[in-house]
1. I want to confirm something. Restricting to the range B:95-118 and keeping residues that are at pLDDT 85 or above and open to solvent by 40 Å² or more (accessible area, probe 1.4 Å), which single residue is nearest to the other protein chains (Cβ to nearest Cβ)?
2. Here's a check for you: in the range B:80-94, which residue that is open to solvent by 50 Å² or more (accessible area, probe 1.4 Å) and out of contact with any Lys or Arg (no Cβ under 7 Å at 6 or more places or on another chain) is modelled with the lowest pLDDT?
3. Mind checking which residues of the range A:105-132 are of a type outside the set (A, V, I, L, M) and either part of a strand (DSSP E or B) or facing another protein chain (nearest Cβ under 7 Å) (or both)?
4. Based on what the data block shows, is A:Arg73 more than 20 Å from the chain's Cα centre (by Cα), in a strand (DSSP E or B) and either at pLDDT 90 or above or charged (D, E, K, R) (or both)?
5. Just for the range A:34-55: of the residues that are closer than 22 Å to A:Gly145 by Cα and assigned to a loop (DSSP other than H, G, I, E, B), which one is modelled with the highest pLDDT?
6. Residues being in a strand (DSSP E or B) and more than 10 Å from every other protein chain (Cβ to nearest Cβ): count how many of those fall in the range A:142-152.
7. I'm told A:Asp57 meets every condition in (1) at the interface with another protein chain (Cβ under 10 Å from one of its Cβ atoms); (2) under 22 Å from B:Asn101 (Cα atoms); (3) without any contact (Cβ under 8 Å) to a residue 12 or more places away in the chain except one. Can you identify the failing condition by its number?
Amino acid sequence: MNLTVLRLPRLADGVRLVLTLIWLTAGPQLMAAEPVRLTATVLMASHQGSDYDLDNDAFRDRLIQLFSYSHYRQLDARVLTLPKAERVRLALPEGYELILTLQGIEKTRILTQAVIRKGHKAYVDTILAILSPGVAFLGGPPVEGGTLIIVLETGY
Amino acid sequence: MNSGKQKDAGRLYGDWIRREVARPEVRLEKRQFLDAHFPADRATVLRPVSLIPALALLAVVLVWVSDGMRRPETAAPRPGAPVDVRRVASQAGPVLVYQINHQDVPITVIWVFAGGGP
């Protein structure tokens, strides 16, 4: 049986150099083309009761350490895809809304603007440079029966 | 006059001069003469050059006080933190930003105090 070995032509050194340069310069842009995803979890915290009604048990210990509330209830959890320079909105209770805008990517960090707004009033307006994995807690807009806490995560 | 008598005369003359100069009236006239022709210097503490250290200290105090009174609207960047808060602002109240480690997971908290607290 004859085996035919398929030999690929060797690239000339100059061509390899050009391809390397293209990869080095276009690499970051290629990485940025991948969609950026952020998980937003909406919790309501209060001092009434002692239940931890959460889908993610990992939050429980964190909440106990961070805050003094005795009762937590998870209202919503979404994986949001953030296109570059486009606003992604998530409705919150009692007229609040969370607005996320991908500002860009700096090496390994995702630059995101996070705004919690009610009407024309910005409850909080922040720009976060998030290293994956990273987690941030934003709070706490007052609502009927408690306080809202929004957990932003990436890379988990 | 021999040298012995000269010395005695000189000693007597010197004693007489010292007694004359030591008289209260002569000392008063001497004081008045010096005050009239060589007035005393002003207190050194009032001279401009003496105020320079005090003014420098006052400037340092003023800078320190004004620095403490500033209300920065931007958070200081922390390049090494997993979540680097580049900017934070609120129309609802003061904002607190802090980071803690929970089971080796760094957590960033941004909290607005609008009539409630954590």
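1. Filtering the range B:95-118 down to residues at pLDDT 85 or above leaves B:95-99, B:107-113.
Now restrict to residues that are open to solvent by 40 Å² or more (accessible area, probe 1.4 Å): B:95-99, B:113.
Numbers: B:Val95: 7, B:Leu96: 10, B:Val97: 8, B:Tyr98: 9, B:Gln99: 9, B:Phe113: 9 Å.
Top of the filtered list is B:Val95.
2. Only one residue fits best here, namely B:Gly80.
3. To start, the set of residues in the range A:105-132 that are of a type outside the set (A, V, I, L, M) comprises A:106-109, A:112-113, A:117-121, A:123, A:125-126, A:132.
Correct list: A:Glu106, A:Arg109, A:Thr112, A:Gln113, A:Arg117, A:Lys118, A:Lys121, A:Tyr123, A:Asp125, A:Thr126.
4. Values: more than 20 Å from the chain's Cα centre (by Cα): yes; in a strand (DSSP E or B): yes; either at pLDDT 90 or above or charged (D, E, K, R) (or both): yes.
Against the criterion (more than 20 Å from the chain's Cα centre (by Cα), in a strand (DSSP E or B) and either at pLDDT 90 or above or charged (D, E, K, R) (or both)), A:Arg73 qualifies.
5. Among residues in the range A:34-55 that are closer than 22 Å to A:Gly145 by Cα and assigned to a loop (DSSP other than H, G, I, E, B), the one modelled with the highest pLDDT is A:His47.
6. Step one: list which residues in the range A:142-152 are in a strand (DSSP E or B), which gives A:142-143, A:146-152.
Next, from what is left, pick out any that are more than 10 Å from every other protein chain (Cβ to nearest Cβ): A:143, A:148.
Qualifying residue count, the range A:142-152: 2.
7. In the conditions (1) at the interface with another protein chain (Cβ under 10 Å from one of its Cβ atoms); (2) under 22 Å from B:Asn101 (Cα atoms); (3) without any contact (Cβ under 8 Å) to a residue 12 or more places away in the chain, A:Asp57 misses (1) alone.
Rundown of residues vs (1) farther than 30 Å from B:Gln91 by Cβ; (2) in contact with a Leu (Cβ under 8 Å, 6 or more places away or on another chain); (3) at pLDDT below 60, yes/no style:
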position	(1), (2), (3)
B:Ser3	yes, no, no
B:Arg23	yes, no, no
B:Ala36	yes, no, no
B:Asp41	yes, no, no
B:Thr44	yes, no, yes
B:Val65	no, no, yes
B:Thr74	no, no, yes
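The values are calculated or read from the model by the stated rules, or taken from the named source; none is laboratory data. Please read these numbers as outputs of a predicted model, since none were measured by experiment. Backbone-built Cβ (ideal geometry, glycine too); neighbour counts: all protein chains shown. For accessibility, only protein heavy atoms count, side chains too; no ligands or nucleic acids. Shrake-Rupley method; radii C 1.70, N 1.55, O 1.52, S 1.80 Å.
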